[in-house]
Amino acid sequence: METPNVNITFLGGLGEVGRNCTCIEIDGKLLLIDFGVMFPDATMPGVDVILPDTQWLAERGADIVGLLITHGHEDHVGGVVHLLREFEVPLYGSALTMGLARRKVTEARLEDRTSFQILNDGERRRIGPFDVEVLPITHSIPQSLCVVLHTDHGVMVHTGDFKLDSHPIDGRITDLKRLEELQEDPGVRVLMADSTNADKPGWSASESTMRETFERRFPEWTGGRLVVSCFASHLHRVQQICDVAIKEGRTIFPLGRSMVNNIRIAQELGVLDLPHRCVDSIEHLHMYEPGDVCVICTGSQGEPNAALSLIARSEHPDLSLGAGDVVMLSSHPIPGNEISVYRVIDQLTRLGCEVVHDGQEHVHTSGHAQRDELRHLYDIVRPEWYVPIEGEYRMLQRNADVAVEAGHQPDRSVVVLDGTQLTLDEKGLRVTGHVPAPYRFVDGLLDDLGPDMLEARRRLSEGGFVHVTVVVSNKTGLVGHPEISTQGWIDTDKSVVVLAELEIEVAQAVRTSISEGKRLEDLDRVVRRITGRFVGNRTRRRPPISASVITVD
Ligand SMILES: [Zn+2]
């Protein structure tokens with residue numbers, strides 16, 4: 001019997017940072033690796049998140065044997081609820097990743113559509129026809145996994161997100177020894193590696209180097225409140241901040257929904273080690289002296305509804321800051337978030353706080369491998385084929401260059417984008433197809449926001465909208481004046497003359513059309529065309545325009 005080919009289909013994460021999803025196919029069965037979200041930019045009004053598209057999976061729901069989640073970041077696990085609404089799929093991942101996924105699934109009441117399968121470091125397990133081994137790998141959230149797939153056509157390695165941290169907080173280092181063994185026997189055919197920091201030279205600083213900053217700065221701040229903001233999922237950062245703050249005699253107050261939840265889940269799983277007596281709830285904050293508190297909160301990316309933004313706008317019910325208080329942003333703005341982050345810093349500074357951030361101090365280190373780390377991994381794995389994943393196109397390309405610099409054959413570095421299908425067989429790895437992989441926009445309860453609707457929103461946000469109502473009698477033609485209503489186009493009180501001119505133009509066009517014998521059904525189009533032209537000429541705007549033509553006897 002012929003050995004079935006191995007197909008790899010990229011549904012997200014190749015060409016953008018976020019919505020990561022890789023689908024592996026063997027013998028007609030599908031294993032998904034990650035199903036994450038991406039966050040919208042300013043050109044996507046009203047969009048909450050962007051998901052991998054599932055059109056291609058729609059007819060193959062019964063073939064999906066599992067979703068393996070490499071780690072608990074939103075761009076890898078964030079779409080799980082949306083996936084489960086469409087398909088019943090068991091979830092696989094480390095204990096922490098499964099804990100975080102379980103909270104999402106339980107909140108959405110979808111537990112009966114899945115199961116949570118915990119994979120331990122180094123474990124090898126069959127999932128349908130897939131022979132899967134998972135290895136510990138370091139990143140900016142604990143318990144991240146590197147996926148090794150043993151197939152009839154050889155070994156494939158998928159790094160997930162990673163950095164090579166030789167001194168991680170939990171001592172759980174990347175299993176480079178096992179990867180080296182695999183390279184020696186039986187050899188690695190395909191390596192898919194994180195491209196996020198492929199542009200950055202050197203080696204990322206170890207997470208453990210953060211402690212030195214906290215130990216040096218925290219004792220300088222006495223008497224005032226200390227507020228530290230970081231990603232709620234960055235539990236090793238949270239651990240170090242709490243350790244040093246507790247040593248300085250402060251009590252920890254988690255603030256922000258995801259911070260409170262993640263700390264609780266991590267404590268339950270033993271990922272976070274915090275003495276219960278050193279943690280209190282934010283409602284009790286007023287009972288403490290300012291110098292005795294350390295608030296650890298969300299909002300380090302300037303998200304407008306997160307705790308730090310509320311504090312900065314003096315809108316938080318339990319915490320108001322002022323002179324003598326210190327805020328540390330233990331983070332780096334994700335490209336695109338700079339304006340929001342600096343707005344928050346500005347507001348906090350106006351309140352009189354001292355603000356310490358990444359621009360001034362070593363308060364953050366990245367969770368993604370830089371060039372020397374990628375090179376080191378490459379040298380250990382020495383794959384036959386190298387496929388950069390997770391990044392915008394230039395990052396993928398730069399990642400491919402790392403392998404070539406290490407002596408890899410250029411035609412065996414495969415730089416492809418979302419929607420590409422690759423096939424691995426005895427001859428090698430090659431592109432064999434393309435599937436649809438457009439952005440799938442989600443707006444709250446509206447699960448699917450098509451590109452047309454998004455375009456309409458964009459136009460609404462730029463020029464408002466205009467509606468024209470015309471009443472026409474079958475016997476006497478136009479009745480009264482056309483009525484113009486608008487939201488956000490012009491100020492109707494101040495622009496009476498412009499509106500009157502538009503009324504006259506529309507009225508004339510309607511009368512002409514009727515006298516030319518145009519059918520009433522066509523009037524709607526005439527009204528919209530005349531209005532659009534007028535609005536464009538007078539205000540250089542192109543708002544959506546709608547019309548109602550009402551007929552009376
Ligand atoms: Zn990550």
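The values are calculated or read from the model by the stated rules, or taken from the named source; none is laboratory data. Values in this document were obtained by computation on a predicted structure and should not be read as measured data. For neighbour counting, all protein chains shown are included, and Cβ atoms are generated from backbone atoms with ideal geometry for every residue, glycine included. Quick note on the areas: whole protein, heavy atoms, side chains included, nothing else; ligands and nucleic acids left out. Shrake-Rupley method; radii C 1.70, N 1.55, O 1.52, S 1.80 Å.
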Scanning segment 244-257 for residues that are within 26 Å of residue 95 (Cβ to Cβ) and buried (at least 17 other Cβ atoms within 10 Å of the Cβ) gives 246, 252, 254, 255, 256
How many of the residues making up segment 431-459 are modelled with pLDDT of 80 or more, under 19 Å from residue 21 (Cα atoms) and open to solvent by 50 Å² or more (accessible area, probe 1.4 Å)?
6
Among 347, 409, which is open to solvent by 20 Å² or more (accessible area, probe 1.4 Å), of a type in the set (S, T, N, Q), outside the structural domain of residue 313 (by TED's automatic domain parsing) and on the phi < 0 side of the Ramachandran plot?
409
Residues that are more than 16 Å from the ligand (Cβ to nearest atom), at least 2 per element: which helices (runs of 4 or more DSSP H) completely within segment 39-157 meet that?
55-58, 80-86, 95-107
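Residue by residue, here is whether (1) buried (at least 16 other Cβ atoms within 10 Å of the Cβ); (2) more than 29 Å from residue 4 (Cα to Cα); (3) assigned by TED's automatic domain parsing to the domain that holds residue 75; (4) among the basic types (Lys, Arg) holds:
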site: 374; (1), (2), (3), (4): yes, yes, yes, no
site: 394; (1), (2), (3), (4): no, yes, yes, yes
site: 398; (1), (2), (3), (4): yes, yes, yes, yes
site: 415; (1), (2), (3), (4): yes, no, yes, no
site: 421; (1), (2), (3), (4): yes, no, yes, no
Under 6 Å between Cβ atoms, at least 6 apart or on separate chains: pull out the pairs that start in segment 56-74 with a residue that is farther than 16 Å from residue 19 by Cβ and end on any residue that is within 16 Å of the ligand (Cβ to nearest atom).
68/33
Hey, among the residues in segment 382-397 that are in a loop (DSSP other than H, G, I, E, B) and within 19 Å of the chain's Cα centre (by Cα), which one's nearest to residue 20 (Cα to Cα)?
390
Starting from segment 272-294, keep only residues that are closer than 26 Å to residue 172 by Cβ, then list their pairs with residues that are of a type in the set (S, T, N, Q) and assigned to a helix (DSSP H, G or I) whose Cβ atoms are within a distance under 6 Å, requiring at least 6 positions of separation or different chains.
272/239
The number of residues in segment 365-388 that are in contact with a His (Cβ under 6 Å, 6 or more places away or on another chain) and over 30 Å from residue 241 (Cβ atoms) is 1
In the set 238, 260, 227, which member is surrounded by fewer than 24 Cβ atoms within 10 Å (Cβ to Cβ) and at pLDDT 95 or above?
260
Within the set of pairs 6+ apart or on separate chains, which have a first residue in segment 160-179 that is modelled with pLDDT of 95 or more, a second that is hydroxyl-bearing (Ser, Thr, Tyr) and in a loop (DSSP other than H, G, I, E, B), and C-beta atoms under 6 Å apart?
160/70; 163/204; 164/174; 165/206; 167/206
I'd like the full set of residues that are open to solvent by 10 Å² or more (accessible area, probe 1.4 Å), at positive phi and small (Gly, Ala, Ser), limited to segment 133-173.
154, 171
Only one of 326, 381, 402 is modelled with pLDDT of 95 or more, in contact with a Pro (Cβ under 9 Å, 6 or more places away or on another chain) and surrounded by 16 or more Cβ atoms within 10 Å (Cβ to Cβ), namely 402
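Residue 331: among the small types (Gly, Ala, Ser) and under 30 Å from residue 388 (Cα atoms), yes or no? Even if it seems obvious, please write down each step before you answer.
Working: among the small types (Gly, Ala, Ser): yes; under 30 Å from residue 388 (Cα atoms): yes.
Here the answer is yes, as residue 331 does meet what is asked.
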Among 311, 339, which is in contact (Cβ under 8 Å) with a residue 24 or more places away in the chain, within 30 Å of residue 296 (Cα to Cα) and open to solvent by 70 Å² or more (accessible area, probe 1.4 Å)?
339
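Which residue out of 407, 367 is part of a loop (DSSP other than H, G, I, E, B), more than 30 Å from residue 222 (Cβ to Cβ) and without any contact (Cβ under 8 Å) to a residue 24 or more places away in the chain? Don't jump to the end; show me each part of the working.
Values: 367 fails: without any contact (Cβ under 8 Å) to a residue 24 or more places away in the chain.
On inspection, the qualifying residue turns out to be 407.
Mind listing whichever residues of segment 288-308 are buried (at least 18 other Cβ atoms within 10 Å of the Cβ) and outside any loop (DSSP other than H, G, I, E, B)?
Of segment 288-308, the ones buried (at least 18 other Cβ atoms within 10 Å of the Cβ) are 293-302, 306-308.
Across segment 288-308, the qualifying residues are 293, 294, 295, 296, 297, 307, 308.
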Give the residues of segment 158-199 that are within 16 Å of the ligand (Cβ to nearest atom) and part of a helix (DSSP H, G or I), sorted by residue number.
none
Scan of segment 202-231 for residues that are over 25 Å from the mean Cα position of the chain (by Cα) and in a loop (DSSP other than H, G, I, E, B), ordered by number
202, 221, 222, 223, 224, 225
Could you tell me whether any residue of segment 351-366 is among the charged types (D, E, K, R), over 18 Å from residue 237 (Cβ atoms), surrounded by fewer than 21 Cβ atoms within 10 Å (Cβ to Cβ) and away from the ligand (no atom under 16 Å from the Cβ)?
yes
